[in-house]
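The values are calculated or read from the model by the stated rules, or taken from the named source; none is laboratory data. Computed from a predicted model, the values in this text were never measured in an experiment. Using ideal geometry, Cβ is built from the backbone for each residue, glycine included, and neighbour counts are taken over all protein chains shown. Note: accessible area is taken over every heavy atom of the protein model, side chains too, but ligands, DNA and RNA are not part of it. Shrake-Rupley method; radii C 1.70, N 1.55, O 1.52, S 1.80 Å.
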Amino acid sequence: MTEVREMLDGLDEEQLIHIIDALMDTARRSEQCGMLVDAQKKKITAEKVMEIKRKREEVWMQRILGRGREVTA
């Protein structure tokens, strides 16, 4: 997981969504061609990328919420 995270550090959220979509599309094609193991690998990778994206968003929201509290306090 750390290796995937390090490789995705330079990408923004929009690029991550494109990666996730592409992985899921190719996973569907692999399933249609009977390449079930390949499809499963792509789905797992897409899930990992989505998890990284969610964690980034969570950190981003916490920063925004933290700044809002400091200003109003």
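Figure legend. Inter-residue proximity from region 55-73: first residues within 23 Å of ASP9 (Cα to Cα), second residues surrounded by 10 or more Cβ atoms within 10 Å (Cβ to Cβ) and modelled with pLDDT of 60 or more, beta-carbon distance below 9 Å, spacing 6+ or different chains. Indicated pairs: ARG56/GLU13; ARG56/LEU16; GLU57/GLU13; TRP60/GLU13.
The condition of being in contact with a helix residue (DSSP H, G or I) (Cβ under 9 Å, 6 or more places away or on another chain) and at pLDDT 85 or above does not hold for LEU11. Of all the residues in region 28-50, those that are open to solvent by less than 70 Å² (accessible area, probe 1.4 Å) and not β-branched (Val, Ile, Thr) number 8.
It is to be established whether one or more residues within region 34-49 are assigned to a loop (DSSP other than H, G, I, E, B) and modelled with pLDDT of 90 or more. Scanning region 34-49, I find at least one residue that is assigned to a loop (DSSP other than H, G, I, E, B) and modelled with pLDDT of 90 or more, so the answer is yes.
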